[in-house]
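Engineer: Mind having a look at this structure? Questions to follow.
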């Protein structure tokens with residue numbers, strides 16, 4: 001699902017940039033702005049899905065940490081009564097829960113990095129839409145920044 005989300009978002013960004021990078025626009029400015037707004041909306045929905053995934057992963061990580069603590073307590077109780085077999089099994093499960101929590105922590109970090117990246121992309125897209133709306137002018141390839149330029153300028 002995460003790969004699908006990433007692919008869909010990248011497609012939205014590509015479409016957005018494709019609209020901006022045309023030499024001559026066949027659409028009028030209102031159509032272009034409408035298309036750009038739709039792409040921003042789609043990208044924001046991807047961000048929301050990603051934020052939900054992060055929230056779920058955090059809840060899962062907390063649950064795994066609690067499960068590990070429970071297993072450690074069970075291992076300690078089993079050890080106190082001399083049940084080494086139960087203590088060993090409980091320790092094994094505690095370690096598995098801790099490992100799963102570490103994996104989930106890595107997942108959260110990766111999802112958070114992706115979220116940060118996407119939020120920056122959307123912010124850039126929104127700025128381009130707002131500048132296009134504010135100028136009311138059509139855009140040309142010279143007026144549209146690639147990743148090397150800083151801002152949009154109305155065509156002359």
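The values are calculated or read from the model by the stated rules, or taken from the named source; none is laboratory data. Predicted model, so just to flag it, every value in this text is computed and none were measured. Please note: Cβ atoms are built from the backbone with ideal geometry, for glycine as well, and neighbour counts cover all protein chains shown.
Engineer: Test of understanding: among 88, 110, 94, 101, which residue is within 19 Å of residue 9 (Cα to Cα), modelled with pLDDT of 95 or more and assigned to a helix (DSSP H, G or I)?
Structural biologist: Unique residue meeting the criteria: 110.
Engineer: What number of residues in segment 75-91 are buried (at least 17 other Cβ atoms within 10 Å of the Cβ) and farther than 19 Å from residue 64 by Cα?
Structural biologist: Residues meeting the conditions: 1.
Engineer: I've got another one for you. Which of (1) at pLDDT 95 or above; (2) within 30 Å of residue 14 (Cα to Cα); (3) surrounded by 16 or more Cβ atoms within 10 Å (Cβ to Cβ) is the odd one out, the single condition residue 51 does not satisfy?
Structural biologist: (3)
Engineer: Sticking with this one: Here is a list of conditions, (1) at pLDDT 95 or above; (2) in contact with a helix residue (DSSP H, G or I) (Cβ under 8 Å, 6 or more places away or on another chain); (3) surrounded by 13 or more Cβ atoms within 10 Å (Cβ to Cβ), and residue 63 meets all of them except one; can you say which number that is?
Structural biologist: Just one mismatch for residue 63, condition (2).
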